[in-house]
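The values are calculated or read from the model by the stated rules, or taken from the named source; none is laboratory data. What you see is a predicted model; the values in this text were computed from it and never measured. Note: ideal-geometry Cβ built from the backbone for every residue, glycine included; neighbour counts use all protein chains shown.
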Amino acid sequence: MSDLLITLYPWVKAFHIIAVISWMAGLFYLPRLFVYHTEQSSPGDSRDEVFQIMEDKLLRVIMTPAMFASWLAGLMMVMTPGIVDWGAAWPYVKGAGVLGMTGFHYWLGLRRKDFVAGRNTLTGRQYRMMNEVPTILMVLIVLAVIVRF
């Protein structure tokens, strides 16, 4: 199994990067859609329906599969011999960042359910602030992996 993982490593790494880019694009865009949804529609109006379709497809068709693909490829890289130095801090920092990103993904899914039920209580300003969470986590993850502190 180790030999196969070593052989596939460049492909798995490329797939991981593609999946992470797709996931991140959604993590940046969905809160922005929530801003516009909050500020430009009311529950049940035609804009509400359009925003709900856009949010659902982004979350269900793009973000969630990209998240699972990121996790799968990431775990395959972790299992590849010689890739992770478990004596360093960076793999744990990256892992915490990825868990935070995953938690944020699920938080966004809960907010989408609030819109569907017509019970969103957050403001556009609050969604704008939450839109910074994936940026902070991304910086943490990239620095951990590249600088390897």
Checklist entry - Which of the following residues is surrounded by 15 or more Cβ atoms within 10 Å (Cβ to Cβ), at pLDDT 95 or above and out of contact with any Leu (no Cβ under 9 Å at 6 or more places or on another chain): L137, L110, L59, L143? => result L143
Item to check | Some residue of region 25-43 being of a type in the set (D, E), without any contact (Cβ under 8 Å) to a residue 40 or more places away in the chain and either in a helix (DSSP H, G or I) or surrounded by fewer than 19 Cβ atoms within 10 Å (Cβ to Cβ) (or both) | outcome: no
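Specify which of the listed residues (M130, M101) is surrounded by 16 or more Cβ atoms within 10 Å (Cβ to Cβ), aliphatic (A, V, I, L, M) and touching a Leu at 6+ places or on another chain (Cβ under 6 Å).
Exactly one residue qualifies, and that residue is M101.
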Item to check | Filter result (hydroxyl-bearing (S, T, Y) and within 11 Å of L30 (Cα to Cα)) within region 105-133 | outcome: Y127
Checklist entry - Among the residues of region 69-81, which ones are touching a residue at least 60 places away in the same chain (Cβ under 8 Å) and either loosely packed, with under 15 Cβ neighbours inside 10 Å or over 21 Å from the mean Cα position of the chain (by Cα) (or both)? => result M79, T80, P81
Next on the checklist: Scan region 141-149 and tell me whether some residue there is of a type outside the set (G, A, S), touching a Lys or Arg at 6+ places or on another chain (Cβ under 8 Å), within 25 Å of A69 (Cβ to Cβ) and part of a helix (DSSP H, G or I).
Outcome noted: yes
Next on the checklist: Pairs please, first residue from region 84-96 and farther than 21 Å from Y9 by Cα, second anywhere and surrounded by 15 or more Cβ atoms within 10 Å (Cβ to Cβ) and among the small types (G, A, S), Cβ atoms under 8 Å, 6+ apart in sequence or on different chains.
Outcome noted: A89/A144; V93/A144
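Considering only region 92-140, state which residues are part of a loop (DSSP other than H, G, I, E, B), more than 15 Å from the chain's Cα centre (by Cα) and charged (D, E, K, R). Even if it seems obvious, please write down each step before you answer.
Our first condition is that a residue be part of a loop (DSSP other than H, G, I, E, B); within region 92-140, this holds for 117-123, 131-132.
From what is left, the residues that are more than 15 Å from the chain's Cα centre (by Cα) are 117-123.
Within region 92-140, just R119 meets the criteria.
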